[in-house]
Structure formats: C-alpha cells, structure tokens
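Report on the following structure.
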Amino acid sequence: MSLADYLSLYAIAAIWGLMFINIFLSIGGIIYILKINNTDGHIPIKEYPMVTIMVPAHNESIVIRRTVLALLDFDYPEDRYEIIVVNDNSTDDSAEVLQVIQSKNPGRKLIVINTDNILGGKGKSNALNIALSVSSGTVIAIYDADNTPEPNALRILVENLMGDDNLGAVVGKFRTRNRNASILTRFVNIETLAYQCMNQAGRYYFFKLCTIPGTNYVIRRSLIDEMGGWDAKALSEDTEISFRLYRMGYYIRFMPLAVTWEQEPQLLGQWFKQRTRWAKGNIYVLIKNFKYAFVKKAGPMRLDVLYFALVYVLMLTALICSDAIFVLGILGLCHVTLAGFSTLLWGMAILLFVLNVLITLAVEKNEFNLQSALLIVLMLFTYSKLWVAVVINAGISSMQDKIYHKEAVWDKTERIEET
Amino acid sequence: MMFKKAFFGIIILLIFFTPSTLVNAEENSGIPDGEILIIYSDGADEDALQAVQSIVEILTYQSFKVSFASASDSTEELDRFSNIICYQLEKYPKELLEKFQTLEETTSDTTKGRPKDFKHNILFMGNDCLKAYLDGSGRNDYLSDEMKIGKVTYNFSELTSKEELVEENFFLFLKDNLDYTSGKIETEDTEGYFCASKGNITHIPVSDLSDELVKAAFVKEVAAWKWPYNGEPNIYAQYIVLNQVYPFEDPDKLLKVINYLVEKKEPFVISVMPIYTNGTFPAMQQFCEILRYAQDNGGTIIMHCPINQMISFDKDLMNKYIRISLQIYMDQGVYPMGLQVPENWMLNDDTIDIMSHFSTIFTTNEEDQQIEAQMDSNTNLIYKDGHHWVSSSIRLDDTGVSYTKVSSTAVYLDMTEDIPILEYKIDVCQKSFVPLKSLWDIEHSFWTDEDLMKYSNQIIMINGERAERGFTPTEYDTNYKYDRNILNQFSKDLSSENQKLIIAVFIISIIFILFIFLSRHRNREKFFIKNENDEVEEDKKDGN
C-alpha cells in the first residue's frame, strides 16, 4: 500500500465516521423538532423574573435601531425586563441613534452605556461584563446587535428556563434575516439550519447537550456571578460559557420556537473574518477544555469536547487528505490502489450530505424546494471547502498569537445596510 | 643579490611544476590492466565518449577486460597492452605515433594469412591517425579518398548482406599485400574494405557506431580481431525474449504467444515486470500459473529491474524492491533466472553492485535517466563479476533478429504488439543463422538479503532446498479475501465494505425521505390545511 492509499483510507474512515455521527444527530434533531413543533413552546409560570437583556454593540448604528425596537416589542411584561446596550467604544453615530430611541420610549428601561477605549473596546466578553455590573435582572438574556427576535422569543426562553431548576440556560434558534442578499447568505442560511439548529437539536435530544450560540439565549444571573463573569480572553465566549455550565452540573436546553433573525455577512471577506474568529475561539475552548474529555464529573460536556476535537482535527485533516489526493490524482501525481476505492463512495457520501441537509430544510417554512437542493450540492463543492481554509487560517493565527503572546482581538463583523 | 633572486625563482618554478608532474604520473599509472586498451582523442567530445562507452559494452559482452584512456594518458602505457584500439584519434601527442612505430617494429610476422602472434595488435577505427602514422613512417601503401560519403556492404552470413550509407571526413584504405579484408566500402571514386589487416595493424575506415550496421559489423570484426586462432570465434546464441510482460494484464495474449512458441518447439524467455504487493491476488495467481506453464515448456523467466519507483536513485531501496518482487514470484512457483536492466546500468558503481547479485544479466537499449555513467574508473569494472551477459540484438531490420553470434543476444519481442506480428518475428528468429538457445541450458544464480537461488543441471535450489518447476493447474479461490498487508484490520478491501455501506446508505436515505415527507405534511397542516372547526374557532377569535 502506498502513502496515498493510507491517507485515502484515513480520509474515508474519518469522513464516513463523522458523516454517521451527523446522521445520528440529525435523526435525533428531526424527532425533537417535530415534537416541539407540536407545542407552542410556552410553559406557564407563576411569576416572571426580572430579565436583563444585554446587547454589546461596537459601531452598530446601521443595525442597532432595528434590534432595539425588536427588543422593546417583546411580549414579555414590560416592567419585568430591562435592556442594556453597551455602545462599546463606537466611533459611528450609534450613541445618537440610541439616544433617539431612548427619548421616544421614556417609560421603558432602556439603558445605554457608552464606553471609551480605556474601559471598552476589548471585545464582546468585556462589554457583557460591563453590562453585568449594572444589571438588575435575575435572568440575563443576550442578543447580538444585528438581531431582530420574534416578539415571543424572550417569553418562551424565560418560561423554559424557570420551568426546570437544573437548567442553566436556554438557547433559541437564529435564522438568517438577509438570506436572499447573495449566494453566500443562501449558503449561510442552509448551514445555520443544518449544522447549528439541527445539530443542536440532535445533541439535546440524545444527550441533553447544547452549546450557547452567542445570541438569543437566557442564563441565570446567579451562575454568571458564580463564574465571575465572561472569560475576556475567549473569542467564543458562548462556547466557553456552555462548557462552564456543564462543569457546574447544569444543562442547557435548545428551544427552536424562540426565534431571532440576524444579519449574516454578505461578502466573502467579512464571512471569512467572522468564521476565522469563531474557529479561533473554538480552538481556544477546545485546548482549554480538552482535559475534561476524560474527567467523569464533566458530564455530557465530554461528548462536546470530543465532538469538537473530531471536527477540528479529524475532519480537517481528512478533508485536506481527500482534497489533496483528488487534485494530485487529476494531475497524475498520485494513484490510489485501494480495491473498491471508487466514485461510488463519494457518490453515496454526497447523497447522504444532500439528504441530511434537506431534512433540516423540510421542517422550515419556505425553505424546502429544488433550488435549495441544487444549492446544497453547489455548497458541498464550494462553501464547504472554504471551511478548511478557515480552520487552517485560524490554526495559524492561533499559533502566531501564542508564539508572539498576542491578546485575542475581537474582529467585529461589518454590518450592511438592509433595504 | 642576483644569485638570491635566481635561487628563489628556481624554487618557485619547482613548486609550480612538481605537483602537476606527480599528478600526471599518478594518472598515467592509473590505467588498470586489461586485455584491450581503447585510446580516444584528447578532449574528445560527448559523441566520441559515447562511442567509447559503446565499444566498452560490446567488449564486455564478449567477456574482455577493457581499459580506456585519452591519447595523452595512454602514450606511456602502450607497452602494457597487447591489443590497442585507436578510436577516431584526431588530437594526440606526437610521441604516440613514434610509440606505434616502436610497437610495430617489435612484432614478428612469421605466419601466413591473418597473423596472430604479434606482440602488439593495433586496430585503427577512423582514418586521421592512421594516415598521420603511415605518412610519418614514410609509407605510401594506402589509398586516400577525399569523398565524404561511402556505401558499406557487409555480409553477416553467406545469405545475409546489408548495405548502408556512411559519412567520414575522408576515406583511407590500406593497399598491397593485405593479410585480411572483410566487407566493402564504395565511394564514388574508390572501392575499399570495411575491415582489413596488414601486419599488426587492423583498420576500419568508418567510426560512426551510432549507425546500426557499422556497430554490428564492428562487433563481428572486433571479435575476429581478438580471436587468437584461425577460423571463426566461438558461436553464441540468441534468445527470444517476450518483453514488457506486466502482471495483472490479460493473460490470454501471453498464453497464445507461449503456445505458439511451444508448438514451434523453440526455447524462449519471458521478462516479467516486478511487483511489490498484492502478490496473492487471484489475477496474480492466474498470471503466475501461465508463467509456470511456460517454465515447464521451455520458457525461462527473467525479471526486469524496478523502474519509476523512486524520486532519485537509491541503491538500498532498489535492492529491497528487487528482493520483495523476487519473493512474490518465487512464492508463486515462478523462478526468475536473471535480471533485465537498462544498458547504462553497466557504467555506474551502484547499479554494478546491484547486478553483482545476479549471475545472468540481460541488457536493453533503454536508458535509466537516474543513472550517471562513470568513466573515471578507466575500465569495465563489471567484468570482474563474471556475469553471463545477454545484450540486446542490434536492429538491422524490423524484426530485431540478431545478425551477430560472437556474444549472447536477446531479441526482444514487444508484447504490446499484435499476435500476427509477434508470430512473424518468431518465425524469422527460427530461420535465422544465429542459433536459438534455452536459458535452462546454462547455470544461473542470484542472492538477496533473504534468498539464495542456484540453478544448475536442471535443478533449482532456493536457500539450499530444491524447488519444483513442474506445472500443475491451480484451483482458484472464488471467494478470495483481499486482505491488505500491514493494516489488515483497518484496510480491508473497500469493495466488500462498500456492500455494507450501500445497505446502510439505502436505509438512511429511506429514513430521511420518510422524515422529509412527515415534516412537509406537518408544515402543510400547520400553515395551509385548515379544517372547518379551526376556521370556526378563528372566526370566533376575530369576533366575526
């Protein structure tokens, strides 16, 4: 057997192994979502707790107005929630935009904290910690500055959180607001539904395991205090918080009926920067938490650590091997001699990939159609390949940060004016 | 003061000249002993050196120990050699001609016909040097023709005559009382010989060894020149070699050609390509079964050396590949008797070392691009290993049949050609004046790090144990398990795993499709299908 044979074998085993894991999660996910879709998501509670909605915002004047108005429009009792927008070292007119909203809604608890480059400008975790210091809620809700949550989202999230004392947090679903803006946002929309929503649902259904996505979630204030706030070094503060909650013995629920719509990057450069930041954050969390993969008391979180490790190590290397062998094979520079190594294997993998994604679109309104199916195939050969570049870039950047002792920098996603 | 300057000047001159003199002396004494010395021009160009290599190879095939050096390096060494070939000498020290004269004077001519008992025999190939020599010694027993083009006619046997046009700067022919002549060269004005001897001087006027006819004629003439007795030198056979036979190829064609040879009762050789893995696959077993059938019916197997297996030449790796491949074949009852190599393997220390493991070597006209010829040894090192050499026949026609019988030759039949063409070539070989021979009639041996093979008196011994080469049909395992070597537990044949995978994919696809239908139905119920009761309730809510 040649080196190409060994690498092919490795790639096949890794890709098919992860494919089956995803299929397994998708089946759990669809069962869970169908079950939840039979309900309205609400759980009656006697008294609604005080909620602090935190919105970290850095130069978000293009989108912040729409977000704050959506937050003010929640069907949650008006006197039981406050909104804290941390206008974090912004150089645009966010402060003026927020001031106008404040003046137009004098009876509402809308707090705007304008920070300078000394107090603020140090990333999302730092902004959240600032908001935490002035918050009065016993439940904290987090929304990104580009979100427009549906009016019932907060109530559903809080009701679910208060319904179970073992719950540390409840996360909702996020959808792509600008999905028709470009082909990239179409891909992001599909990816969001398939690999964030359905995957979350599957993990929750089978293992009561869920990862906070960074927005549209509620968490108990007491737990945040116990943790000492958000880890300012973490670029993926959401994943970091999730792991800490599980280590504390709580679990996180996924509630897909609490929906928020967010703006996704429309241009490749923006997308690449955002995803690199996410990947760097996940690598940081993976390295920091990998030791817990073998600690029993870490609970189901161990599975998530292993899953992250599989994706960022196994999947990445397998895809690199597979693509390299494919390209070298076309150039006639390498030849795989494995018996049975045929296009049938790749054909079946593509079929399962398409079906796996289609199943997630089938549960959504206006998402399941032939165009989407074609987009999924196109996505496999274009968008999915970019993921490899993102992770490699994030890996190199993380190493550089480590070698040169650089601090993690919050590389903000640029917003685009929507019509 | 003047004395001091002169003294230092002498010292400096001594320092300047002494080392180079010493180096020259070392180089001169560096020409190894040999039966034949080949002298070439000082500053000979690439083509001339290529021709010298070719002469060295030709003489190696004829089992002569050869030395070669430039004219300057050879001048003081001539006395040590009884047989000297002067190849296309154009630049040389003047002393060389004086030396030739001395050598001629020390010879004695007492026999009639082609004299054989000279102390020194000189073969001039080309005309410049011989003309200068004859002129310098005041002789005019030659014809000089300024024409540049001539037609060579040469008879390899009574019935086979070949013609070819050749080009030289001018032609020179010895005349008067020639002891020996052979072949013919005709120019527009003159008719002369291809080869002639007069006293201890033998002359071949043409020197272009890239011309196949000139090369073949030279092979014959040099053997006769070196033959110490009257009459023709010993006769060697030609071997029919089925070349470029790859494992796993469709064996039907190979079997048809073998059967044709068996029907004709002609001995033959099959040169198989090496194989490094999957030696027990049914296709390989079937291929080897045909080889065993051939072994049992007059056919002998040799193995081609590994090619295109490494980025740069690696002797150890090459030995390893050869060992693995030989083991695979021997495990299947196929016993290669020799190794087939590109011709330039004869001129490199590493490849010579590899070949030293085999007593029988077949060479081809291929060139291994990873091998560099090493001319600095000034001798055919390989001769000392005493191989049985079989060279590629010199192609004088489309069939490739051999026209020389002074050393063993191989007629390579390209197995990619159509069967009628192969059969035609076999027929031509059968009718050739050069006899065919079986490799089973001579002794062979090889050794690797793990195996020692010896063949003599129809008995093959592998590591001291007798191996049977008789043919028995094989029963194939129709349910063969394609287990891989190192990663047996992981790297099972994927095609059998694929069956399970297809079933799994089918089941998953069905489940997914069912879920898709269910989800769509639920969505439709939720967003589009309304029953009457729902509508009534909605109306109530709206207050209608």
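If I ask for residues that are over 17 Å from residue A:193 (Cβ atoms), buried (at least 18 other Cβ atoms within 10 Å of the Cβ) and more than 9 Å from every other protein chain (Cβ to nearest Cβ), which ones from the stretch A:342-372 would you list? If the condition is that a residue be over 17 Å from residue A:193 (Cβ atoms), buried (at least 18 other Cβ atoms within 10 Å of the Cβ) and more than 9 Å from every other protein chain (Cβ to nearest Cβ), then no residue fits.
Against the conditions (1) in contact (Cβ under 8 Å) with a residue 40 or more places away in the chain; (2) surrounded by fewer than 23 Cβ atoms within 10 Å (Cβ to Cβ); (3) over 17 Å from residue A:401 (Cβ atoms); (4) more than 13 Å from the chain's Cα centre (by Cα), residue A:258 satisfies every one except (2).
Do we have any residue at all in the stretch B:448-463 that's within 31 Å of the chain's Cα centre (by Cα), modelled with pLDDT under 80 and of a type in the set (Gly, Ala, Ser)? Talk me through it step by step, then tell me what you get.
We begin by selecting, within the stretch B:448-463, every residue within 31 Å of the chain's Cα centre (by Cα); these are B:448-463.
Now drop any that are not modelled with pLDDT under 80, which leaves none.
Checked the stretch B:448-463: no residue is within 31 Å of the chain's Cα centre (by Cα), modelled with pLDDT under 80 and of a type in the set (Gly, Ala, Ser).
Step by step: first the residues of the stretch A:363-377, then only those that are in a helix (DSSP H, G or I) and touching a residue at least 24 places away in the same chain (Cβ under 8 Å), then the one that is farthest from residue B:512 (Cα to Cα). Which residue is that? Ranking the qualifying residues of the stretch A:363-377, first place goes to A:375. Within the stretch B:488-531, if we keep just the residues that are within 7 Å of chain A (Cβ to nearest Cβ) and outside any helix (DSSP H, G or I), the residue that is modelled with the highest pLDDT turns out to be B:493. Of the residues B:59, B:37, the single one that is in contact with a strand residue (DSSP E or B) (Cβ under 6 Å, 6 or more places away or on another chain), at pLDDT 90 or above, surrounded by 22 or more Cβ atoms within 10 Å (Cβ to Cβ) and over 24 Å from residue B:408 (Cβ atoms) is B:37.
More than 21 Å from residue B:505 (Cα to Cα), among the aliphatic types (A, V, I, L, M), under 22 Å from the mean Cα position of the chain (by Cα) and more than 10 Å from every other protein chain (Cβ to nearest Cβ): does that describe residue A:380? Break it down stepwise before answering.
Details: more than 21 Å from residue B:505 (Cα to Cα): no; among the aliphatic types (A, V, I, L, M): yes; under 22 Å from the mean Cα position of the chain (by Cα): yes; more than 10 Å from every other protein chain (Cβ to nearest Cβ): yes.
So residue A:380 does not fit the description; no.
If you filter the stretch A:134-177 down to residues that are part of a loop (DSSP other than H, G, I, E, B) and of a type in the set (Gly, Ala, Ser), you find that the one that is surrounded by the most Cβ atoms within 10 Å (Cβ to Cβ) is A:145.
Which one is surrounded by the most Cβ atoms within 10 Å (Cβ to Cβ) among residues in the stretch A:178-228 that are of a type in the set (A, V, I, L, M) and within 17 Å of residue A:144 (Cβ to Cβ)?
As a first pass, look at the stretch A:178-228 and keep what is of a type in the set (A, V, I, L, M): A:181, A:183-184, A:188, A:190, A:193-194, A:198, A:201, A:209, A:212, A:218-219, A:223-224, A:227.
Restricting the remaining residues to those that are within 17 Å of residue A:144 (Cβ to Cβ) gives A:188, A:212, A:218-219.
Values: A:188: 23, A:212: 24, A:218: 32, A:219: 25.
By that ranking, first place goes to A:218.
Scanning the stretch B:69-79 for residues that are touching a helix residue (DSSP H, G or I) at 6+ places or on another chain (Cβ under 6 Å) and crowded, with 21+ Cβ neighbours inside 10 Å yields one hit, B:71. Taking into account only those residues within the stretch A:374-407 that are among the aromatic types (Phe, Trp, Tyr) and closer than 26 Å to residue A:357 by Cα, which is surrounded by the most Cβ atoms within 10 Å (Cβ to Cβ)? Filtering the stretch A:374-407 for residues that are among the aromatic types (Phe, Trp, Tyr) and closer than 26 Å to residue A:357 by Cα, the one surrounded by the most Cβ atoms within 10 Å (Cβ to Cβ) comes out as A:383. When the stretch B:283-313 is limited to residues that are of a type in the set (S, T, N, Q) and modelled with pLDDT of 90 or more, the one that is nearest to residue B:368 (Cα to Cα) turns out to be B:300. The set of residues from the stretch A:366-377 being of a type outside the set (A, V, I, L, M, F, W, C) and over 21 Å from the mean Cα position of the chain (by Cα) comprises A:366, A:369, A:371, A:372.
Looking across the stretch B:280-298, the residues that are more than 18 Å from residue B:469 (Cβ to Cβ) and assigned to a loop (DSSP other than H, G, I, E, B) come down to B:280, B:281.
So in the stretch A:86-116, with the set limited to residues that are assigned to a loop (DSSP other than H, G, I, E, B) and of a type in the set (Gly, Ala, Ser), which one is surrounded by the most Cβ atoms within 10 Å (Cβ to Cβ)? Once the filter is applied, the top-ranked residue is A:90. Looking across the stretch B:314-329 at every residue that is touching a residue at least 60 places away in the same chain (Cβ under 8 Å) and surrounded by 20 or more Cβ atoms within 10 Å (Cβ to Cβ), the one that is farthest from residue B:365 (Cα to Cα) is identified as B:326. Consider the stretch A:279-305 and keep the residues that are in contact with a Gly (Cβ under 9 Å, 6 or more places away or on another chain) and within 16 Å of residue A:394 (Cβ to Cβ). The one that is surrounded by the most Cβ atoms within 10 Å (Cβ to Cβ) is A:280. Restricting the search to helices (runs of 4 or more DSSP H) fully inside the stretch A:262-354 and requiring at least 3 residues that are within 30 Å of residue A:64 (Cβ to Cβ) gives A:268-289.
Looking at residue B:163, is it of a type outside the set (Lys, Arg) and in contact with a strand residue (DSSP E or B) (Cβ under 6 Å, 6 or more places away or on another chain)? Taking the combined requirement at face value, the residue satisfies it. Of all the residues in the stretch B:115-165, those that are of a type in the set (Phe, Trp, Tyr) and either more than 32 Å from the chain's Cα centre (by Cα) or at pLDDT below 85 (or both) number 3.
The values are calculated or read from the model by the stated rules, or taken from the named source; none is laboratory data. From a predicted model like this one, the values you see are computed outputs, not experimental measurements. Reconstructed Cβ throughout: ideal geometry from the backbone, glycine too, with neighbour counts over all protein chains shown.
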